[in-house]
Amino acid sequence: MANKVSEDSQDSHRGGFGELGGEERGLIDRSFRERIILIGLIYGERTESSSLQELEELSQLVDTAGADVVQTVVQRRSSPDPATFIGQGKAREVYELAEALDVDTVVFNEELTPAQQFNLEKIFKRSALDRTAVILDIFAQNASTPEGKAQVELAQLQYRLPRLKGQGGQFSQQAGGIGTRGPGETKLEIDRRRLVRRVHKLQDQLTTVGAHRKNQSKRRRHSLNQSVAIVGYTNAGKSTLLNSLANAGAMVADRLFATLDPLTRRLQLPGGESIFLTDTVGFVKKLPHQLVEAFKTTLDVVIDADLLLHIVDSGHPSPETQINAVRAVLSEIGADQIPEMLVFNKSDKLDPSQLLMEYPESVAISAVTGVGVDKLVTEIGERLRSIWNVVELSIPFDKGDILAQVHREGQVLVEHATEDAIVVQARLDSSAMSRLSSFIVSASGSDVI
């Protein structure tokens, strides 16, 4: 996107088009191809190049949501306007542009406050949406399972709740009377209360689903199989890699957020051991906080993983930006301490040698052609064996609490009783080994069953 950015009241324009669409209605009307103006604002320490990259990605998001970008407006200010984000004068210019181009909706690259959105829609005389609304709309299109639909609906309600607008007394449900004079309860208040009840119901449903998922994760953790979660930026090739490694049959599409629900398959490593490999929802820069909160039950598979395969599109113009965006989300969900292996995918499209030099412990592959996949599987086994040590413990019969601790914190491989104690072989991480050091009689970097 080669836009010329000018100061304050000056802007630049660029046309665009899209192909993908959908039939479900959401924040973007998909009964026809809406015409969209994108608005980008450069302020503070933001650079022109990074802002233009974000707008290019926003254009892809709008296209995926089922609308056409007909113009892009980029403005530079010292800071966003509290009332209209881009200022009254610029807002009126955008209105005139929207009228001339017969535009249906104006989409902003930044999240708008409820007041800003309300003020802009009054000026534009049409919908004003932000990046968050577009991403939520795409998630609503792609959600297929009951859990995924509930998570997306919860995120949408949390986004819409502070944006409810009423018209004061004209929505009054009851007339005044003795002791009740005044407009009475407005439709706005009824709508807000109804949405709050729905939010609480969805949260309770997802809490139940999360508890069930934690039980599954606990059983999986105490099995002999370690778990690996595939994470990465949306459309980096995570599902393609899962299909390549485990013949998973996962849906693959060259579009953003094609995968929302986690898919787990068993993979046998060259050493003979099996692991659980899970594909997860893709991340994106400025991923809405509402989605992160709503999808926490799904993202628990990431938190419980022993190793993260961080898939990166090596052909992207700025892979470092995508890496940082993914790591920011991992930090937000509490998964930033889990061992990570960077995997540069799509090496068939661009030579990743420079990236491999910048990230020396990374691996380059092509999930489509299979190049480098065998090396990746071998590296996964080596990384997992380095994370967990197989130790042998001798636990006295009167130390049942210690035996329970081993089962709780590790993966028990063998357990048998001798005349003097219970002998256990288990996988333990370094912190668990430290806590149980007085009971460890031997340790090895590989299985000694």
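Derivation of every value follows stated rules applied to the coordinates shown; laboratory data play no part. Just so it is clear, the model here is predicted, and its values are computed rather than measured. No Cβ is skipped: glycine too gets one built from the backbone with ideal geometry, and neighbour counts run over all protein chains shown.
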Listed peptides 334-340, 354-360, 90-96, 129-135 by packing density, highest first (mean Cβ within 10 Å): 129-135, 90-96, 334-340, 354-360
Kirkwood hydrodynamic radius (C-alpha pairs) into Stokes-Einstein, the stretch 309-392, 10 °C and 1.306 mPa s, D in µm²/s: 115 µm²/s
statement: Given pairs K201/K296; K238/K349; K238/K346; K149/K286 and cut-off 18 Å on Cα-Cα distance, the over-length ones are K149/K286
message: Suppose the chain between S318 and V292 were pulled fully straight at 0.36 nm per residue; how much longer would it get relative to their current alpha carbon spacing?
response: 7.0 nm
task: Over all directions, average the projected area of the Cα convex hull of the stretch 388-444 and note it in nm².
output: 3.4 nm²
message: I'd like the distance between the alpha-carbon centres of the stretch 370-429 and the stretch 83-156, rounded to an integer number of Å.
response: 51 Å
- request: Using θ = phi - 60° and the Karplus relation 6.51 cos²θ - 1.76 cosθ + 1.60, list the HN-Hα couplings for the stretch 200-206 in order, rounded to whole Hz, with x at every Gly or Pro.
  value: 5, 5, 5, 4, 5, 4, 6
- prompt: In debye to the nearest 20, how big a dipole does the stretch 388-444 give about its Cα centre with +1 on each Lys and Arg Cβ and -1 on each Asp and Glu Cβ?
  reply: 220 debye
field: D_trans [Stokes-Einstein, Kirkwood Rh over alpha-carbon pairs] for the stretch 34-139, 25 °C, 0.890 mPa s, µm² s⁻¹
entry: 180 µm²/s
message: Please compute the contact order of the stretch 224-386 in relative form: average sequence separation of alpha-carbon pairs under 8 Å and at least six residues apart, divided by the residue count, as a percent.
response: 26 percent
message: I need the shape label for the stretch 260-363. Rule: rounded when a/c is under 1.5, else prolate if a/b > b/c, else oblate, with a, b, c from the alpha carbon gyration tensor.
response: oblate
- request: Search the structure for amide H atoms under 5 Å from the amide H of T105, placed 1.01 Å from N in the peptide plane, and list their residues when 5 or more places away or on another chain.
  value: R35, I37
